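Following: one structure in structure tokens, then a few remarks.
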Amino acid sequence: MNSAGSMSASVGTSKRLKPLVIKPMRPRGEAGGGGSENVCPTASLTREDHWTRLQAAIDAIQTETGVATSLEQLYRSVEELCVQKHGAWLYHKLQAACDQHAVQALESLRVASGDESAAASMHELHADGELQLQSASTETKLGSLARVWDRYCAQLHLVRHIFLYLDRTYLLQHSPHRSVFDMGLMFFRQHLDQSYQSVQSTVVQGVLWSIDAERRGDAVDRALLKNLVRMLALLGLYDVVFMPLFLERSRAFYVEESQRQVVEVDLGAYLLYVERRLREEGGRCDAVLEGMTRVLLLKTVETCVIEPHVGYMLGGGEHPEDASDFAKMLDGDAHEDLKRMYDVFGKVRAHKALCAAFKGHLKQVGVRIGSDASPEKDAEMIPAVILLKKRMDGILDRCFDDIMFRDAVKDGFGYFMNLRGSRPAELLAKHMDSVLKGGGKAKFTEDDVEAALDSCLALFRFISGKDAFEAFYKKDLAKRLLFGRSISMDTEKSAISRLKAECGAHFTSKLEGMFTDSDVSKDIMGSFRGSKEAQEALAEVCPGTDIGVQVLTSGLWPTYPVANCNFKTSLAEGLEVFKKHYLQKYTGRKLMWLHSLGTCVMKVQFKTGPKELALSFFQAAVLMAFEDTDTLPFKDIAAATGIEDSELRRTLQSLACGRERVLSKNPKGKEIEDDDMFSFNYEYTSKQYRVKINAIQMKETADDSRKTNETVMQDRQHQIDAAIVRIMKTRKMLSHKLLMSELMTQLRFPVTAVDLKKRVESLIEREYMERASDDASVYCYLA
């Protein structure tokens, strides 16, 4: 950067620039010249002169009048006194001045507040017991108080600026006060406590009144409140005087208001009220009150509006027999209200109570769904439980996202899903059967089936008797595989893989074996149809006939009764051709025909032309009896076919009383009697060439279900016996209590102590174990 001289030369001007010189300040009226301009203006003043100048400045500040001395001169006076070791003397002088200043400010506050009775006259008690203040006069008084206080603080700050040198030197080393400002506040607080309690009461009661008015919905000046609260904080009165009164007043306000709200509004509105009040109090803490107030105030409000009313919110009202608002929220999927309730209860650590009520309601709903054992209600049970599970999952995801509530859902479903023993397991297996058939009337797509399987598996986890489910599922799976009723084999295998992932390979081993048999049967039929020798033999004994056989491993599939059925000699010989071919390939095996599961397609001639009829083996046997005659009585049909009586009656119903009537019955009627006559219906017509004649399915009776359950119980007995022997063989000697505990841990199905004791007695009788000679409660293993 160029110098000043070079700058003037560069612009080409003839006027020279004077250099800037900073000189010491001269006293007012003193002419410049000589060497006096370097003499300090305060050096010739005495200590009293300095104080006189400072005292005049302090008085001028208090009276808000002008002063002839500059701020710099006043500061230099303080600095000179401190440098000359007069700091202590100056400090005592300043104390007296500040003390007097505080008294004058308090007198002004007394005038602004009215008089000593101002605090008492700020409110009046009405007949209804509500404490109200005279708002107009009170706000005026509070505004006057705030203005006097602001003026006092501003004056104190200005005094501190003058005595800043003293503030930063002497006070830091010799005074308990951090600054002149703090010293002024100390004098103010002392006189306030000693002689001006009415002023203190006016400020405190005024702030409390303003907050109460705002809580009631009145508009208040928050800036004014913030100023007065700051005044209390600076004087050390906020936490000692104001806070206890404020918290107690808040407690009384919310106790009364919450009790009124509980009576007047429903639960949803009350939760909104609680949320609004907590939000308002939090905003008030941020805008008006000191930071230390937030935790204590919110805790006070929560203690008043939440904690005493937890029972009410959970349904413990005057009429517990009526559905509670909480129960209505759960039933109505009021997610916003439930999430609000979860948040509110969390503030007082009442989630356990909320969770207990939630689980209790879930159990009640589940019991209502599953307690009715009528066939109509049983058919609706699993869809209703699936819907309930979806609703509970929605509540968990949106409202109660907490592991404690998820465990409550597991406990609740596990409770009512096992109240009726193995019946829910049976119903779930049948529901899955309907799903895997394509949903019945619902006409599921494969995506719908996958979603439905996920829902079923969610319920499967709650069932304790999974072996009962396996028995019923296997029974239905066999029908789907044998009669081709599955929506797809991929979906069937997907269901098996889900069960395998849930329970392990041992659970699905037999189910997977059924699929293996189906695949092996396809290979066997391929070999049979590819064998020239077998096809020639079949054409010789049964010309124009094709045979398809499924070979089932007896240990994997459900047990089916062997039903007798007399066929034409040619058809029976055709079955023998397959049997011979099979035994040539698999020596040492035994085939047993299950005619009750067989189907066939038969070509039949009617007056309108030939039709292909898709029939069961029993239906085909009955029609074959009419090859040589047109009319037969019931008894002759029974003798010709050899079909069991009840099965024969259902077969004749399907042929003569169903939708497709290829036989005529005389007399007409839906029931088959012993003296009924049946004739071949040559007049039968149908638009379709191939007609499926549905068999009259025997409805699964309680006896069939009982037999399946008995089979399950027998299997359980074998498992219990094996577990007892396994444990005793390892331990050699074990007390009854420890044996029961071990069994409860190892067994995978529900069992009672009585059942276990029976199995122990059975093993003792069969000499697998014995009681100890010296203690009957101890068992010993017998090798």
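So the values come out like this:
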| item | result |
| --- | --- |
| Selection count where residues are surrounded by fewer than 16 Cβ atoms within 10 Å (Cβ to Cβ), of a type in the set (A, V, I, L, M, F, W, C) and outside any helix (DSSP H, G or I), scope region 249-302 | 2 |
| Meets criteria (of a type in the set (V, I, T), more than 18 Å from A379 (Cα to Cα) and either more than 34 Å from the chain's Cα centre (by Cα) or at pLDDT 90 or above (or both)) for V449 | no |
| Region 361-374 residues that are over 13 Å from M392 (Cβ atoms) and in contact (Cβ under 8 Å) with a residue 40 or more places away in the chain, paired with ones that are basic (K, R) and open to solvent by 20 Å² or more (accessible area, probe 1.4 Å) (beta carbon under 9 Å, 6 or more apart) | G370/K377; G370/R420; G370/R423; S371/K377; S371/R420; A373/R420; A373/R423 |
| Qualifying residue in region 68-75 (condition: among the charged types (D, E, K, R), in a helix (DSSP H, G or I), modelled with pLDDT of 85 or more and surrounded by fewer than 16 Cβ atoms within 10 Å (Cβ to Cβ)) | yes |
| Test result for L232, aliphatic (A, V, I, L, M) and under 17 Å from E248 (Cα atoms) | no |
| Single residue of R423, R406 found to be touching a helix residue (DSSP H, G or I) at 6+ places or on another chain (Cβ under 8 Å) and free of Cβ contacts under 8 Å to residues at least 12 places away in the same chain | R406 |
| Qualifying positions in region 415-453 - under 16 Å from D467 (Cα atoms), in contact with a Ser or Thr (Cβ under 7 Å, 6 or more places away or on another chain) and either open to solvent by less than 20 Å² (accessible area, probe 1.4 Å) or basic (K, R) (or both) | E426 |
| Options A495, A501, A539: the member that is buried (at least 17 other Cβ atoms within 10 Å of the Cβ) and either farther than 22 Å from L428 by Cβ or at pLDDT 90 or above (or both) | A495 |
| Hits in region 363-392 (condition: more than 17 Å from D333 (Cα to Cα) and of a type in the set (V, I, T)) | V367, I369, I382 |
| Unmet criterion (only one of (1) among the hydrophobic types (A, V, I, L, M, F, W, C); (2) surrounded by 14 or more Cβ atoms within 10 Å (Cβ to Cβ); (3) under 48 Å from the mean Cα position of the chain (by Cα); (4) part of a helix (DSSP H, G or I)) for A722 | (2) |
| Residues satisfying the stated conditions in region 438-462, i.e. assigned to a loop (DSSP other than H, G, I, E, B) and closer than 22 Å to T708 by Cα | R461, F462 |
| Whichever residue in region 745-765 is assigned to a loop (DSSP other than H, G, I, E, B) and touching an Asp or Glu at 6+ places or on another chain (Cβ under 9 Å) and, among such residues, is most open to solvent (accessible area, probe 1.4 Å) | R748 |
| Residue selected from region 454-483 under the condition among the aromatic types (F, W, Y) and over 26 Å from G598 (Cβ atoms), by the criterion most open to solvent (accessible area, probe 1.4 Å) | F462 |
| A233 being in a helix (DSSP H, G or I), in contact with a strand residue (DSSP E or B) (Cβ under 8 Å, 6 or more places away or on another chain) and surrounded by fewer than 19 Cβ atoms within 10 Å (Cβ to Cβ) | no |
| Test: S175 is modelled with pLDDT under 85 and hydroxyl-bearing (S, T, Y) | yes |
| Residues satisfying the stated conditions in region 561-590, i.e. buried (at least 16 other Cβ atoms within 10 Å of the Cβ) and farther than 24 Å from F626 by Cα | V577, F578, H581, Y582 |
| Every pair of residues 6+ apart whose Cβ atoms lie under 9 Å, when the first sits in region 192-212 and is within 12 Å of V103 (Cα to Cα) while the second is in a helix (DSSP H, G or I) and of a type in the set (D, E) | Y196/E107 |
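The values are calculated or read from the model by the stated rules, or taken from the named source; none is laboratory data. Source: prediction; values computed, not measured. Don't worry about glycine lacking a Cβ; one is built from the backbone with ideal geometry, like all the others, and counts go over all protein chains shown. Side chains are part of the model used for accessible areas, which takes the heavy atoms of the whole protein and leaves out ligands, DNA and RNA. Shrake-Rupley method; radii C 1.70, N 1.55, O 1.52, S 1.80 Å.
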